[in-house]
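*Asks:* Here you go, one structure.
What follows is calculated from the coordinates using simple rules that are stated; it is not laboratory data. All figures in this text were calculated on a predicted structure; none of them were measured in a lab. Backbone-built Cβ (ideal geometry, glycine too); neighbour counts: all protein chains shown.
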Amino acid sequence: SQTIHQWPATLVQPVGSPLSLECTVEGTSNPNLYWYRQAAGRGLQLLFYSVGIGQISSEVPQNLSASRPQDRQFILSSKKLLLSDSGFYLCAWSPRPNQPQHFGDGTRLSIL
Amino acid sequence: DAKTTQPNSMESNEEEPVHLPCNHSTISGTDYIHWYRQLPSQGPEYVIHGLTSNVNNRMASLAIAEDRKSSTLILHRATLRDAAVYYCTPGAGGTSYGKLTFGQGTILTVHP
């Protein structure tokens, strides 16, 4: 069966520090991968998606970047965090577009 | 993006059926209707999805209006574990990547 792992579960970072969140999927190949952010009391916002290794598309301009160095690995990064980067970050995968997406447990990021 | 409208909250008693409505009047012809639910501090969990016909799975049923402008998620016998925030979202079938855009969702409270 397929599983998705996302870490860390919680993270507290100072403003201006770098960020690296990692997501890996097991039990499938060539998944579509997604990074979402869920701000407190707000809906889900798609940040990045990837349909293959090295292929990254950004939904909104921001202080974050994403990379997909391996088929089942998706990394969310920032060189210098802003206060507005606080939120609940979720990684998800699906076998194909328009198929159900399966989410990781998320990372709660707090910026101080 | 297609917009969705859901009631902010609903309540049910255990063992009773629950009907969660969603309006998606601007949905495109190729968008599937997805339903997810989310517990606090957890990633969303896929519940069910459909395009035109009513759908059933082990978790729920999905009734889709003939004009596709609304749908209803049906939990046949609510349990305490069904208490969560429920999101309906049109999957971006017209794109190449299947973007999900959650709104505020419906908070379902289940009373013992």
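*Asks:* Can you pull the mean other chain C-beta count within 10 Å for peptide B:98-106? Walk me through the intermediate numbers first.
*Replies:* Numbers: counts 13, 10, 10, 6, 7, 3, 3, 2, 0.
Per residue, the number of nearby Cβ atoms from other chains is 6 on average.
*Asks:* Shifting gears a bit: Determine the dipole magnitude for chain A: charges of +1 sit on the beta-carbon of Lys and Arg, -1 on that of Asp and Glu, nothing else is charged, the reference point is the Cα centre, and the result goes in debye to the nearest 20. Walk me through the numbers on the way to the answer.
*Replies:* On the way: 8 positive and 6 negative charges, 39 e Å.
The calculated dipole for chain A is roughly 180 debye.
*Asks:* Continuing with the same structure: Spin-label point model (7 Å from Cα, Cβ direction): what's the A:SER77 to B:ASN56 distance in nm?
*Replies:* So the label points at A:SER77 and B:ASN56 sit 5.0 nm apart.
*Asks:* Taking the Cα-to-Cβ direction at B:SER25 and at B:SER9 and moving 7 Å from each Cα, how far apart do the two end points lie in nm?
*Replies:* Placing both labels 7 Å along Cα→Cβ, they lie 2.7 nm apart.
*Asks:* Right, next: Taking the Cβ-Cβ separation of B:GLU16 and A:LEU11 as r and a Förster radius of 41 Å, what is the calculated FRET efficiency to the nearest 0.05?
*Replies:* On the way: r = 41 Å, r/R0 = 0.99.
It comes out at approximately 0.50.
*Asks:* I've got another one for you. Residue by residue through segment B:36-42, what is 3J(HN,Hα) from phi via Karplus (6.51 cos²θ - 1.76 cosθ + 1.60, θ = phi - 60°)? Round to whole Hz and write x for glycine and proline.
*Replies:* 10, 9, 9, 8, x, 6, 10
*Asks:* Using Cα-only point scatterers and the Debye equation, what is log10 of I(q)/I(0) for the protein assembly as shown at each q in 0.10, 0.16 Å⁻¹, rounded to two decimals?
*Replies:* -0.45, -1.11
*Asks:* If you don't mind, there's one more thing I want to ask. Dipole size in debye (nearest 20) for the protein assembly as shown around its Cα centre, Lys and Arg Cβ +1, Asp and Glu Cβ -1? Write down the numbers at each step before the final one.
*Replies:* Details: 16 positive and 16 negative charges, 104 e Å.
Here the protein assembly as shown has a charge dipole of around 500 debye.
*Asks:* Follow-up question, since we're still on this one. Enumerate the amide H contacts of B:ALA84 below 5 Å, restricted to partners 5 or more residues apart or on another chain; note that Pro and chain-start residues carry no placed amide H.
*Replies:* For B:ALA84, the qualifying residues are B:LEU108.
*Asks:* Under a point spin-label approximation (7 Å from Cα along Cα-to-Cβ), what is the A:THR28-A:SER57 distance to one decimal in nm?
*Replies:* With each label point 7 Å from Cα toward Cβ, the separation is 1.7 nm.
*Asks:* Classify segment A:55-112: rounded, prolate or oblate, from the alpha-carbon gyration tensor (a ≥ b ≥ c, eigenvalue square roots; a/c under 1.5 rounded; otherwise prolate if a/b is larger than b/c)? Could you put the intermediate results ahead of the total?
*Replies:* Values: a/c = 2.07, a/b = 1.58, b/c = 1.32.
Verdict is prolate for segment A:55-112.
*Asks:* Across peptide A:89-100, how many C-beta atoms of other chains are within 10 Å of each residue C-beta, on average?
*Replies:* Working: counts 1, 4, 1, 5, 0, 5, 0, 2, 10, 15, 6, 12.
Mean shielding by partner chains, rounded to a whole number: 5.
*Asks:* OK, next. Ignore the peptide's own chain and count Cβ atoms of other chains within 10 Å of each Cβ in B:38-49; give me the average, rounded.
*Replies:* Working: counts 5, 0, 0, 6, 6, 15, 9, 3, 7, 1, 1, 4.
Average per residue, whole number: 5.
*Asks:* By a straight-distance test (C-alpha under 21 Å), which lysines pair with B:LYS99 as possible cross-link partners, with residues fewer than eight away in the same chain excluded?
*Replies:* Correct list for B:LYS99: B:LYS3, B:LYS69.
*Asks:* When all alpha-carbon pairs of segment B:39-112 are counted, what percent fall beyond 16 Å? Don't skip to the end; give the middle numbers.
*Replies:* Working: 1525 of 2701 pairs.
Percent of Cα pairs beyond 16 Å in segment B:39-112: 56.
*Asks:* From the residues A:ILE53, A:GLY43, A:CYS91, which one has its Cα farthest along the dipole of chain A in the positive direction, the dipole being from +1 and -1 charges on Cβ of Lys/Arg and Asp/Glu about the Cα centre?
*Replies:* A:GLY43
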